[in-house]
1. Let me know the charge dipole size of segment 70-307 about its Cα centre in debye, to the nearest 20, where only the beta-carbon of Lys, Arg (+1) and Asp, Glu (-1) is charged.
2. Any idea which of HIS147, TYR104, PHE286 is furthest toward the positive side of the dipole for segment 70-307, if Lys and Arg beta-carbons carry +1 and Asp and Glu beta-carbons -1?
3. Given +1 on the Cβ of Lys and Arg, -1 on the Cβ of Asp and Glu, and no further charges, what dipole in debye does the chain carry about its Cα centre, rounded to the nearest 20?
4. Counting every Cα pair in segment 119-254, what percent are over 27 Å apart?
5. Which angle from 0 to 90°, rounded to the nearest 10, does the C-alpha axis of helix 148-161 make with the longest principal axis of the chain?
6. For segment 217-295, what number results from the quotient of the Cα radius of gyration and 2.2 N^0.38 Å?
7. Would you mind computing, in nm to one decimal, how far apart the modelled labels at ALA330 and GLU353 are, each placed 7 Å from Cα along Cα→Cβ?
8. Two-decimal Rg/Rh of segment 70-307 from alpha-carbon positions, Kirkwood Rh?
Amino acid sequence: MKRVSVAWPRRAAVGSHSGCSAALAIDGPYPAHGYIRAVDAAALRDEFPVLRRFAYLNAGTDGPLPRRALAAAQAELERELQEGRTGAHFQRRAELAQILREGYAALLGCPPSDVALTTSTSEGLGTVLGGLGLGPGDEVLTSDEEHPGLLGALQALRDVSGVRIRIAPFARMADAVTAQTTAVACSHVSWINGSIVPAALAELEIPVILDGAQGVGAVPIDLAELGCDAYAGAGQKWLCGPDGTGVLYVSPALRERVAVTRRCYTNLAQAGLGLESPLREDARRFDTSSLSAEALALAGGALRVLSDAGWPAVHERACALAETFAERLAGTGREVARRGPSTLVSFSSADPETEREQLARDGVIVRNLPGTSWLRASVGAWNDGADLERLVRALRPYEAA
Ligand SMILES: Cc1ncc(COP(=O)(O)O)c(C=O)c1O
């Protein structure tokens, strides 16, 4: 295998629509969009014990857990253990939910009242798509690079409600919209290769629902620039929270159009009124039915670790490392998938499943994408050049299938 000595540069150029932006410094303070302090990589890495053992490049599936988040969750469990779960416990859960909602809202750049707490990206997508009241005669346009998390909701629309689902190439989504299209539902960042949704979707006047599983926490999100009406994200991936957490933005305009088809007391404004209770006015009407104090604390603690590191710096470091790594891999003779200014790097493998297992034995955690010839590395701000170089070194000579 060709070995190329790598210098992880201080600057790497990336840039476009709600992905990462131009001319970045990986280390040291630098003036990009004003003065953004760089990530203290050593301190950030220290939060994630798994990085001591592995080159952990798996946040596109499940992010590494930070210590501080674990401590927050443990404190909640200890309280429950010692004090039981009384009215004060429910009060505490409501407080933790509000803290998490505010953290997600700050990251998305919207008011907390536009943010619902979910258990997953998939749940958020299903909530919105299932509530649009679509039926025969409606068409939802989606792309050829979608994850089953979105495809499941679209399949339900087709099979249960008779909605037509049309598929277009991800890069040409905006051009594929016709007068028959009722709504668009696709990824913000493709899970297959890390490319970014076309900016022209923002011009559409029909609802645009984005799957942000590979977006939120990974790349900056400007909801206005994206022009989306709903954005669903995962808590467990780039936000390093627990499985079973997620975020759903619904614009105030769309909120009025989405029927809340599954309701529980958390969605009701005055649960004591029973059947007569109005729904909550804000996005809490879409909240999932139940999140534990420990899950909320873990998610909130993880969010805090990353926001303390500084979101702009977190995004820029991750995207710059990924960009540099993609170039580095291409230099070794691997085919790197077409990608965008994001944190995912997919590269060819003659036998992705076997190679993924072999890499894991060498302490490098990536995933294969079923049904494709790609392996995918997820590069976070918590990674460094040594992690990525460990992956390059662990790769066996590549022979195209
Ligand atoms: C693009 C995309 N959408 C949806 C999902 C499903 O996410 P969740 O488990 O949060 O529903 C994933 C998970 O990998 C994903 O990559």
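Taken together, the values in this text are just the output of simple stated rules run on the coordinates, not laboratory data. Because the structure is a prediction, the values reported are computed rather than measured. Because the Cβ atoms are built from the backbone with ideal geometry, glycine has one as well, and the counts that use them run over all protein chains shown.
1. Details: 18 positive and 28 negative charges, 81 e Å.
Around 400 debye, computed over segment 70-307.
2. After comparing all options, I get PHE286.
3. Details: 40 positive and 47 negative charges, 156 e Å.
For the chain, the charge dipole is close to 740 debye.
4. Working: 967 of 9180 pairs.
The calculated P(r) of segment 119-254 puts 11 percent of pairs beyond 27 Å.
5. Helix 148-161 sits at roughly 40 degrees to that axis.
6. Values: Rg = 14.5 Å, N = 79, 2.2 N^0.38 = 11.6 Å.
For segment 217-295, the normalised Cα radius of gyration is 1.26.
7. So the two model labels end up 3.1 nm from each other.
8. Dividing the radius of gyration by the Kirkwood radius yields 0.99.
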